[in-house]
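The values are calculated or read from the model by the stated rules, or taken from the named source; none is laboratory data. Values in this document were obtained by computation on a predicted structure and should not be read as measured data. Cβ sites come from the backbone with ideal geometry, for glycine too, and all protein chains shown count toward neighbours. Areas reflect the complete protein model, heavy atoms only, side chains present, ligands, DNA and RNA absent. Shrake-Rupley method; radii C 1.70, N 1.55, O 1.52, S 1.80 Å.
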Amino acid sequence: MSWVLNISAEMSASEAIKQAVSAGLCFGIVSKHTIELELETKKLCVLDVEEMPIIRHWYLVHRKDKKLSPIAQTFMTFLLNECGDYLS
């Protein structure tokens, strides 16, 4: 089955999306981590949707002409070791 979304609004703030969904104005797509409290209190629920979750690609970038500080280098190494499969 193929779906066509009728997008009537776009919001970048997770809190605004949660409030709009809580008010019954729409469905929303947010990270599950942002609605943990709402799931516990049963204020919101997760719908089982085919072809979900949405897979995102994350990018780690820094200025080529700048040397990273030791902490930034350590953080980058950590990300690449722990999350390398998710970073493009």
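Since residue 77 meets every condition but one in (1) modelled with pLDDT under 90; (2) more than 18 Å from the chain's Cα centre (by Cα), which condition does it not meet?
Only one criterion in (1) modelled with pLDDT under 90; (2) more than 18 Å from the chain's Cα centre (by Cα) is unmet by residue 77, namely (1).
Determine the pairs where a residue that is among the charged types (D, E, K, R), located within segment 27-47, has a partner that is in a loop (DSSP other than H, G, I, E, B) and open to solvent by less than 100 Å² (accessible area, probe 1.4 Å) with Cβ atoms under 8 Å apart, the partner being 6 or more residues away or on another chain.
So the pair list comes out as 32/46; 38/44.
Count, please, the residues in segment 49-70 that happen to be hydrophobic (A, V, I, L, M, F, W, C) and either exposed (fewer than 10 other Cβ atoms within 10 Å of the Cβ) or in contact (Cβ under 8 Å) with a residue 12 or more places away in the chain (or both). Show your work before the answer.
Step one: of segment 49-70, the residues hydrophobic (A, V, I, L, M, F, W, C) are 49, 52, 54-55, 58, 60-61, 68.
With either exposed (fewer than 10 other Cβ atoms within 10 Å of the Cβ) or in contact (Cβ under 8 Å) with a residue 12 or more places away in the chain (or both) added as a condition, the list becomes 54-55, 58, 60-61.
Result for segment 49-70: 5.
With the structure loaded, tell me whether residue 12 is polar (S, T, N, Q), open to solvent by 90 Å² or more (accessible area, probe 1.4 Å) and under 28 Å from residue 83 (Cβ atoms) or whether it fails that test. So that I can check it myself, show each step before the final result.
Working: polar (S, T, N, Q): yes; open to solvent by 90 Å² or more (accessible area, probe 1.4 Å): yes; under 28 Å from residue 83 (Cβ atoms): yes.
Here the answer is yes, as residue 12 does meet what is asked.
Looking at segment 8-25 only, could you name the residues that are part of a loop (DSSP other than H, G, I, E, B) and under 18 Å from the mean Cα position of the chain (by Cα)?
Within segment 8-25, 9, 10, 11, 12, 13 qualify.
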